[in-house]
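The values are calculated or read from the model by the stated rules, or taken from the named source; none is laboratory data. As the structure is a prediction and not an experimental result, all values here were calculated from the model. Here Cβ is always computed from backbone atoms with ideal geometry, including for glycine, and neighbour counts include all displayed protein chains. With ligands, DNA and RNA removed, areas are computed over all heavy atoms of the protein, side chains included. Shrake-Rupley method; radii C 1.70, N 1.55, O 1.52, S 1.80 Å.
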Amino acid sequence: MHKRSYSKLLDKVPPSGIRKFFDLVMGQKGIISLGVGEPDFMTPWVIRERAIQVLEKGTTSYSSNQGIPELCVSIQKYMEKRFNCSYDPKTEMIITNGVSEGMDIVLRALLNPGDDVLIPEPSYVCYSPLTVLTGANVVSVPTHDSDFVLDANVLESSITKNSKVLILSSPSNPTGRIIPKEQLIEIAKVVVKHDLWVVSDEIYAELSFDDEYVSFASLPGMKERTLLLNGFSKAWAMTGWRLGYVCGPQDVILRALKIHQYSALCAPTISQFAGVVALDETATEVEQMVQSYKERRNFMVKRFSDIDLFLPHPDGAFYCFPSIKSTGLTAEDFALGLLQEHNVAVVPGTAFGQGGDGHIRCCYATSMKQLEEALDKISKFVKKVRK
Amino acid sequence: MKLEKQILDLLKKDSRLSHKEISVRLGSNETKISALIKKLEDDGVIARYSIIVNEDNHEDGREKVRALIEVQVKPEGGLGFENVAKRVSQFPNVVDHYLLSGTYDFLIVVEGDHIQEVSSFVSGKLSSIENIKGTVTHFILKKYKVNGAILDQNDSSSRLLVSP
Ligand SMILES: Cc1ncc(COP(=O)(O)O)c(C=O)c1O
């Protein structure tokens with residue numbers, strides 16, 4: 001054994017499937033990309049303006065570990081008004097460097113080596129690696145037989161004796177699916193029966209196009225078991241600001257805070273002040289962005305139906321996850337062919353874990369003009385390979 | 001949001017959208033959209049379909065001049081400003097015309113081929129209308145934003161082409 005060897009846990013984390021595709025795409029010019037995972041809007045001006053003021057005033061020091069009190073209070077009000085969840089701004093939340101950090105500290109606060117974490121797949125790319133890094137095991141819960149909405153019965157049958165945490169993600173990246181309230185209630189029963197923690201990634205909650213969004217923590221009895229993750233990256237178009245938050249029971253928050261204070265110290269102070277404006281003053285801007293995503297969602301649904309590719313209904317976020325099985329190609333070959341022949345980038349579903357094969361993730365957070373062009377090309381490509 | 005409002009928002013951004021395209025984006029059907037648009041037109045909610053020109057980028061347009069003119073009016077008994085307003089609005093040089101609260105009464109936007117045309121409109125036509133007591137002319141030097149559209153925007157995106 002070398003003294004200068006590396007983390008063994010890290011070796012268990014496979015290389016990113018997205019990264020692989022990224023390298024391919026970067027080598028090509030004139031790409032229309034449906035491969036991005038972020039909004040195509042600029043951060044609303046009032047938010048940027050606030051950050052400029054903060055910079056001018058020179059308020060650029062560390063904040064407390066937990067985050068600035070003003071933002072915690074804004075989050076409390078927002079969560080209460082918008083999702084009917086009430087959290088104490090002093091003891092039940094932490095401002096984090098995006099949901100990414102929130103996920104990391106929460107999993108580390110909850111897990112021991114040997115614990116099992118239930119992850120409905122396909123899923124967002126960070127859940128599994130961050131789980132592995134705690135020494136816990138990933139138990140993949142398949143969702144492809146229920147059009148990518150987690151089914152409580154399938155969850156129940158995936159439970160192991162070491163099952164400890166369930167990660168929920170709705171609306172989902174990569175599928176755009178939202179777990180409806182009735183199904184959440186069934187899931188909650190399984191959670192109680194097997195005494196699980198739930199880590200609920202609700203970063204796309206605002207981007208729910210058809211129904212009122214139901215936060216898992218708002219279900220009866222679930223607040224005590226749920227670590228709710230949310231942030232500003234998506235609905236406020238603030239990906240580069242690195243701002244999110246964790247809300248949950250005080251005993252977990254205290255532990256997560258212990259990690260946060262040493263590994264992050266605090267979330268960017270400038271972003272935190274800007275976040276107050278985001279929550280308090282930009283409801284109209286957010287509504288306009290959501291409406292615009294919804295219009296593009298409708299366009300995608302229509303076009304994929306015209307091309308005759310099966311599309312599990314994209315209820316939210318800005319992704320859709322059509323099946324390309326009818327073409328006979330694997331997701332990777334489809335994505336590669338489309339890129340090489342038509343300069344359109346999509347991400348093969350395999351980048352998001354089990355059950356993603358046979359699907360591609362198309363992000364529609366890009367201009368209508370580009371979407372029209374991209375869909376014309378996808379249509380052409382599908383016709384050609386089907387022949 | 002009401003469907004009418006959604007239609008108007010789309011058309012305000014791009015008045016060339018077809019009824020079919022609008023129906024796809026709003027998840028409605030074309031017949032319904034066409035009927036609603038017809039009603040909006042008939043009711044005068046949609047006054048007309050137009051474009052926004054950035055004259056700075058257009059050779060022929062570059063020489064056109066616009067001015068905002070503050071106009072003070074003596075209101076007439078019983079009629080108020082209406083009589084004068086009707087006369088002022090008729091001039092083809094007048095592009096926009098508002099009645100305002102505050103220190104002056106009308107704000108009008110006047111367009112001409114050159115500065116002289118606008119000045120002679122003001123001194124020759126406008127000032128000679130009875131009950132117009134005074135005018136202040138401001139020539140527009142540069143347009144930054146028109147009808148909600150920021151002109152000359154440099155929106156080169158810095159997004160990565162593929163991200164999680
Ligand atoms: C489901 C999901 N969770 C979390 C994140 C990361 O968010 P943040 O920018 O807040 O770290 C993303 C970003 O793509 C996401 O899609």
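Name the residues in region A:238-255 that are surrounded by fewer than 24 Cβ atoms within 10 Å (Cβ to Cβ), of a type outside the set (Lys, Arg) and within 16 Å of the ligand (Cβ to nearest atom), would you? Answer for region A:238-255, where residues must be surrounded by fewer than 24 Cβ atoms within 10 Å (Cβ to Cβ), of a type outside the set (Lys, Arg) and within 16 Å of the ligand (Cβ to nearest atom): A:THR239, A:GLY240. The strands (runs of 3 or more DSSP E) falling completely within region A:77-148 that include 1 or more residues that are under 25 Å from A:ALA237 (Cα atoms) map to A:93-96. Criterion applied to B:LEU68, B:LEU161, B:LEU151, B:LEU107 was being within 21 Å of B:ILE52 (Cα to Cα), surrounded by 13 or more Cβ atoms within 10 Å (Cβ to Cβ) and at pLDDT below 90, and the one residue passing it is B:LEU151.
A:GLY328 passes every criterion in (1) at negative phi; (2) more than 16 Å from the chain's Cα centre (by Cα) apart from (1). Candidates A:PRO89, A:PRO122, A:PRO113: the one that is assigned by TED's automatic domain parsing to the domain that holds A:SER170, more than 24 Å from A:LEU219 (Cα to Cα) and more than 19 Å from the chain's Cα centre (by Cα) is A:PRO113. Picking from residues in region A:220-237 that are surrounded by 21 or more Cβ atoms within 10 Å (Cβ to Cβ) and in a loop (DSSP other than H, G, I, E, B), the one that is farthest from the ligand (Cβ to nearest atom) is A:MET222.
Taking residues in region A:265-290 that are under 24 Å from A:GLU101 (Cα atoms), and partners anywhere that are part of a helix (DSSP H, G or I) and hydroxyl-bearing (Ser, Thr, Tyr), the pairs with Cβ atoms closer than 6 Å and at least 6 places apart or on different chains are A:VAL276/A:SER74; A:LEU279/A:SER74; A:LEU279/A:TYR78; A:ASP280/A:SER74. With respect to being open to solvent by 10 Å² or more (accessible area, probe 1.4 Å) and within 11 Å of another protein chain (Cβ to nearest Cβ), A:GLN291 fits the description. Any residue at all in region A:59-72 that's away from chain B (no Cβ under 14 Å), under 30 Å from A:LYS223 (Cα atoms), hydrophobic (A, V, I, L, M, F, W, C) and touching a Pro at 6+ places or on another chain (Cβ under 7 Å)? Looking through region A:59-72, at least one residue is away from chain B (no Cβ under 14 Å), under 30 Å from A:LYS223 (Cα atoms), hydrophobic (A, V, I, L, M, F, W, C) and touching a Pro at 6+ places or on another chain (Cβ under 7 Å). Among what's in region A:89-117 and is away from the ligand (no atom under 16 Å from the Cβ) and under 15 Å from A:SER158 (Cβ atoms), pick the residue that is surrounded by the fewest Cβ atoms within 10 Å (Cβ to Cβ). Filtering region A:89-117 for residues that are away from the ligand (no atom under 16 Å from the Cβ) and under 15 Å from A:SER158 (Cβ atoms), the one surrounded by the fewest Cβ atoms within 10 Å (Cβ to Cβ) comes out as A:ASP115.
Within region A:191-206, is even one residue farther than 21 Å from A:LEU107 by Cα, within 15 Å of the ligand (Cβ to nearest atom), part of a loop (DSSP other than H, G, I, E, B) and open to solvent by 10 Å² or more (accessible area, probe 1.4 Å)? Yes, region A:191-206 has at least one match. Looking across region A:15-36 at every residue that is touching a helix residue (DSSP H, G or I) at 6+ places or on another chain (Cβ under 8 Å) and assigned to a loop (DSSP other than H, G, I, E, B), the one that is surrounded by the most Cβ atoms within 10 Å (Cβ to Cβ) is identified as A:LEU34.
Being away from chain B (no Cβ under 14 Å) and in contact (Cβ under 8 Å) with a residue 40 or more places away in the chain is a property that A:ILE32 lacks. Exactly one residue out of B:SER128, B:SER50 is away from chain A (no Cβ under 14 Å), polar (S, T, N, Q), within 30 Å of A:TRP45 (Cβ to Cβ) and assigned to a loop (DSSP other than H, G, I, E, B), and it is B:SER50.
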